[in-house]
Structure formats: C-alpha cells, structure tokens
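Reading through the structure tokens given below for one structure.
Bear in mind these aren't lab numbers, they're just calculated from the coordinates by the rules spelled out. Remember, it's a predicted structure, so these values are computed and weren't measured experimentally. Positions of Cβ are generated from backbone atoms using ideal geometry, with glycine treated the same way; all protein chains shown enter the neighbour counts.
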Amino acid sequence: MITFVKYLKIMKNKKTLVLGATTKPDRYAYRAINMLVEKGHTVLAIGQNTGEVAGVKIHTKAIPVKNIDTVTLYLNPARQRDYYNYIIEAQPKRVVFNPGTENPELYQLLELNNIKAEVACTLVLLATNQY
C-alpha cells in the first residue's frame, strides 16, 4: 500500500533531463542537478565529460529516455542543434531555457511539436517551489 506522503512525492517528481551537465561545482548545471535531486526529482544528465553529481551519472552521448517531464538546457544555442531531434523525440512536457540558452529557432520547433518552451532559471523555479 502506498502512503499519502509517498503519493505526494511521486506526483511532485518531475523526471528531468539536464543537457549540458558538468562536474564543476561553480557551474549552474552542477547546482541544478544537486537541487533537483535534493527536491526529489529523478534526474538524467548529458554533458561533454563523464562523471557523477549527487549520485547522477553524466553521459556523453544521447541516452534512451522515456516519460521525461522537463528538459533543462545549459548549452548555448549552437550546441543545442545536435539535440533538436533528441529533445523532440523525448516528447517532454516542457523545455526550460536557462539564462544564456535562449533559442527562438528551437522555440518554434518545440511549438510545432506541442512542447512548451519556458525561458526561466531552473534554480529559481526550484527555490521558489514553481518547478
């Protein structure tokens, strides 16, 4: 039997893919992974280099994903192009464009595929319980 508290945690859990993940503690992607895990979200991560942050393995290549709620971007627009099809095929509910990742070209592609583009800061959304 599932308890009410467990039910709330499950309902609150937003499986998130972090694109642009890093093991460098001074980077926002690193902080985001830590905060997402701390808040109870399931996190998958892809970055340039392998490693681990808060128990989350960072992959260097696209990995199979299912039931993704959010993709949060920490890649500049030029580097995002390699992931356009991957993001669209993952069919997340939304893609969060953190500061410096704004990309009108990708906004249009997402809209055509019924995926919400949200220009925001994942850290702020998490800190203010708006995630």
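Taking amide H as placed 1.01 Å from N in the peptide plane, the amide H of G51 sits under 5 Å from that of I58, each at least 5 places away or on another chain. Only aspartates and glutamates eight or more places from K14 in sequence, or on another chain, were considered; those with a Cα closer than 16 Å are E38, D69, E118.
Here the Karplus relation 6.51 cos²θ - 1.76 cosθ + 1.60, evaluated at θ = phi - 60°, turns the backbone of the range 52-59 into coupling constants of 8, 9, 6, x, 9, 6, 9, 9 Hz, with x for every Gly and Pro. Among 54-66, 116-128, the peptide with the highest mean count of other Cβ atoms within 10 Å heads the list, and the full ranking is 116-128, 54-66. Return the single residue from E52, E89, E102 with maximal mean-square fluctuation; model: Gaussian network over the chain, springs between Cα atoms under 10 Å. Result for the chain, Cα springs under 10 Å: E89 fluctuates most.
For the chain, the C-alpha radius of gyration divided by 2.2 N^0.38 Å, with N the number of residues, is 1.02.
The value of relative contact order for the range 27-131, using C-alpha pairs under 8 Å at least six residues apart, is 23 percent.
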